[in-house]
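Student: Right, I'll just put the structure down here and ask away after.
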């Protein structure tokens, strides 16, 4: 890859009218002095505006100083002669790889100067980034991003989106233009759905267990992550990470729920948020993350996963969600979703991973071991939050 | 050194991971699966290595068919037999 990267860098540099050395040296993490220029550059891509201040997002997501001790990542710029040609964010995170914690990164915020669209800068930024981290995990949601993921990274199974309709009136109104029949059809289906949920969810909650909303995560979640029932490869969920990613997120309001055993030990948690669907004209819930502990009697802990999922659904229903959705890449958990009445609604994001070290790549390229949720992506930019 | 159109098509087939038989000067680049960001970058490197040709950003952005690539190569002094 390195030799190939040098060759591609040489060609791109020539097209841009600079030397390879200049090109490589022009790829640097943004600093405080770049911030206003970065905001102006990004504004070109958000023509409909944003529901939040992009500066708040950038300062929350990235460090703009070289003191990266508490940083969740840097925002890399390809800046030639003070002109930003492209950007790529590099979120740093801890990946649990068969019981060991490894440093990894996740590229996001890939943007290329519109005047240079189509000349390969996006691909080069990805290639430049993977030179800088031992493990790079990526999710692509646009067609172009998916192509890049499939070519540069080892493809992982797609994150599958699942949905659980609670009230189908809005979606039927959108799909069928038969005003007299739609409310009747919806009422019949909604009644069936409610009964089905009652039957499927019955007895899932372990005896003496309780659910509580979590305002801020504490050390209990670190222990849960260490004793996770998810064997394989997943992002380590520390209290510090979860508070940063969800509770302190400047773009979206998330709700975190915890499932506690009778000794008040945290056994599972879920995180969701609500969106307004302009198509179906209704409130919908997105379950962004779910995580559970193993248990002495249930090694994979799916008993906690099922109970947590059922409680999250009930919470969403009480909050007037007409549809509940979740995207996940995990074979065992997909079976759980199926058993609780969720329907697969097709592929969500395309996932991929790259590791230069052959020992690590052999481990991370094991497709069946990954556990990926919506929380591993960053969909905040692409959805409409409830006004 | 004179090269043939088939030599260029063979090179493009390798770059875009397509069969050489499926490529012709009339073929639209947007119909080629490999014509994407990484494909463009690989093409730039291949043209530089094989023919010493550096593409400009405008040339790349104006490519619509394989014939356009052939035309740019000819304009830049690559001797391609008709």
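The values are calculated or read from the model by the stated rules, or taken from the named source; none is laboratory data. Remember, predicted model here, so these are calculated numbers, not experimental data. All Cβ positions, even for glycine, are placed from backbone atoms using ideal geometry, and neighbour counts span all protein chains on display.
Student: Collect the residues in the range A:7-19 that are more than 10 Å from chain B (Cβ to nearest Cβ) and either out of contact with any helix residue (DSSP H, G or I) (no Cβ under 7 Å at 6 or more places or on another chain) or at pLDDT below 95 (or both), keeping them in residue-number order.
Tutor: A:18
Student: List, please: which pairs have Cβ atoms under 7 Å, are six or more places apart or on different chains, and start with a residue in the range A:344-363 that is closer than 22 Å to residue A:377 by Cα and end with one that is loosely packed, with under 13 Cβ neighbours inside 10 Å?
Tutor: Every condition considered, the pairs that remain are A:363/A:98.
Student: Please verify whether the range A:266-277 includes one or more residues that are out of contact with any strand residue (DSSP E or B) (no Cβ under 9 Å at 6 or more places or on another chain) and more than 26 Å from residue A:364 (Cα to Cα).
Tutor: No: the range A:266-277 contains no residue that is out of contact with any strand residue (DSSP E or B) (no Cβ under 9 Å at 6 or more places or on another chain) and more than 26 Å from residue A:364 (Cα to Cα).
Student: Where the second residue is assigned to a loop (DSSP other than H, G, I, E, B) and at pLDDT 95 or above and the first is more than 23 Å from residue B:30 (Cα to Cα) and lies in the range B:60-82, which pairs have Cβ atoms under 6 Å and are six or more apart or on separate chains?
Tutor: Here the result reads B:76/B:53, each pair linking the range B:60-82 to a residue that is assigned to a loop (DSSP other than H, G, I, E, B) and at pLDDT 95 or above.
Student: Scanning for something buried (at least 21 other Cβ atoms within 10 Å of the Cβ), assigned to a strand (DSSP E or B), in contact with a helix residue (DSSP H, G or I) (Cβ under 9 Å, 6 or more places away or on another chain) and in contact (Cβ under 8 Å) with a residue 24 or more places away in the chain, does the range A:295-315 turn up at least one residue?
Tutor: Looking for residues that are buried (at least 21 other Cβ atoms within 10 Å of the Cβ), assigned to a strand (DSSP E or B), in contact with a helix residue (DSSP H, G or I) (Cβ under 9 Å, 6 or more places away or on another chain) and in contact (Cβ under 8 Å) with a residue 24 or more places away in the chain, one finds none in the range A:295-315, hence no.
Student: Any chance the range A:297-305 includes a residue that's touching a strand residue (DSSP E or B) at 6+ places or on another chain (Cβ under 8 Å) and modelled with pLDDT of 95 or more?
Tutor: Looking for residues that are touching a strand residue (DSSP E or B) at 6+ places or on another chain (Cβ under 8 Å) and modelled with pLDDT of 95 or more, one finds none in the range A:297-305, hence no.
Student: Of all residues in the range B:18-45, which are within 9 Å of chain A (Cβ to nearest Cβ) and surrounded by fewer than 18 Cβ atoms within 10 Å (Cβ to Cβ)?
Tutor: Correct list: B:33 only.
Student: Moving to a separate point now. Which residue out of A:108, A:85 is in contact (Cβ under 8 Å) with a residue 40 or more places away in the chain, within 14 Å of chain B (Cβ to nearest Cβ) and not in a loop (DSSP other than H, G, I, E, B)?
Tutor: Among A:108, A:85, only A:85 is in contact (Cβ under 8 Å) with a residue 40 or more places away in the chain, within 14 Å of chain B (Cβ to nearest Cβ) and not in a loop (DSSP other than H, G, I, E, B).
Student: Can you name every residue in the range A:119-154 that is more than 14 Å from chain B (Cβ to nearest Cβ) and in a strand (DSSP E or B)?
Tutor: Within the range A:119-154, A:135, A:136, A:137, A:139, A:154 meet the criteria.
Student: Of the residues A:71, A:92, only one is in a strand (DSSP E or B) and touching a residue at least 12 places away in the same chain (Cβ under 8 Å); which?
Tutor: Result: A:92 is the single residue among A:71, A:92 that is in a strand (DSSP E or B) and touching a residue at least 12 places away in the same chain (Cβ under 8 Å).
Student: Go through (1) closer than 16 Å to residue A:86 by Cα; (2) out of contact with any strand residue (DSSP E or B) (no Cβ under 8 Å at 6 or more places or on another chain); (3) without any contact (Cβ under 8 Å) to a residue 60 or more places away in the chain and name the single condition residue A:172 misses.
Tutor: Failed condition: (1).
Student: When you scan the range A:176-193, do you find a residue that is away from chain B (no Cβ under 14 Å) and part of a strand (DSSP E or B), even just one?
Tutor: no
Student: Continuing with this model, one more query. Go through the range A:316-332 and count every residue that is assigned to a helix (DSSP H, G or I) and at pLDDT below 90.
Tutor: 2
Student: Checking residue A:235 against (1) more than 27 Å from residue A:352 (Cβ to Cβ); (2) touching a strand residue (DSSP E or B) at 6+ places or on another chain (Cβ under 8 Å): exactly one of these is not met. Which one?
Tutor: Here residue A:235 meets the rest and fails (1).
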